[in-house]
Amino acid sequence: MSVIIVTAILEAKPGSEEELYDALLSVLAPSKSESGCIQYDLHRSIEVPSTFVFYEQWRDKHALDEHLSSSHYKDYRKQTEALILNRTVHLLKLVNP
């Protein structure tokens, strides 16, 4: 299997930016410690500070599925549900030769 890249673009509801930011920070350490995690980084837009982007690399689809079923990921999703206006997730594979 090949490495799976994930980009998750999250837009906070107005007034929820800092609460969302804190919640996103809390999921970093446990996600990075998962055995199938290669990279798990959080970014915040300079131009639109209510926009956050996760850039992730997972060993394979199985590792990503384990992440999505983990208790810390489920807790994070539940905690942030009311804070997010829009969420766009892309599952990607590297295609350059």
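Tabulated results
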read-out: Selection within the range 16-35 - touching a His at 6+ places or on another chain (Cβ under 7 Å) and small (G, A, S); value: S31
read-out: Pick from the range 62-97, criterion among the basic types (K, R) and not in a helix (DSSP H, G or I), ranking: nearest to D22 (Cα to Cα); value: R87
read-out: Test set (1) open to solvent by 40 Å² or more (accessible area, probe 1.4 Å); (2) more than 12 Å from the chain's Cα centre (by Cα); (3) over 17 Å from A29 (Cα atoms) - E66 fails condition number; value: (3)
read-out: Positions within the range 33-61 being part of a loop (DSSP other than H, G, I, E, B), in contact (Cβ under 8 Å) with a residue 24 or more places away in the chain and of a type in the set (S, T, Y), in sequence order; value: S35, S50
read-out: Scan of the range 75-97 for residues that are touching a residue at least 12 places away in the same chain (Cβ under 8 Å) and either under 20 Å from I5 (Cβ atoms) or exposed (fewer than 13 other Cβ atoms within 10 Å of the Cβ) (or both), ordered by number; value: Y76, A82, N86, R87, T88, V89, H90, L91, L92, K93, L94
read-out: Selection within the range 1-57 - more than 17 Å from K93 (Cα to Cα), open to solvent by 60 Å² or more (accessible area, probe 1.4 Å) and among the polar types (S, T, N, Q); value: S26, S33, S35
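The values are calculated or read from the model by the stated rules, or taken from the named source; none is laboratory data. Treat the numbers as computed from the prediction; the structure is a model and nothing was measured. Using ideal geometry, Cβ is built from the backbone for each residue, glycine included, and neighbour counts are taken over all protein chains shown. In case anyone asks, the SASA skips ligands and DNA or RNA and just uses the protein heavy atoms, side chains included. Shrake-Rupley method; radii C 1.70, N 1.55, O 1.52, S 1.80 Å.
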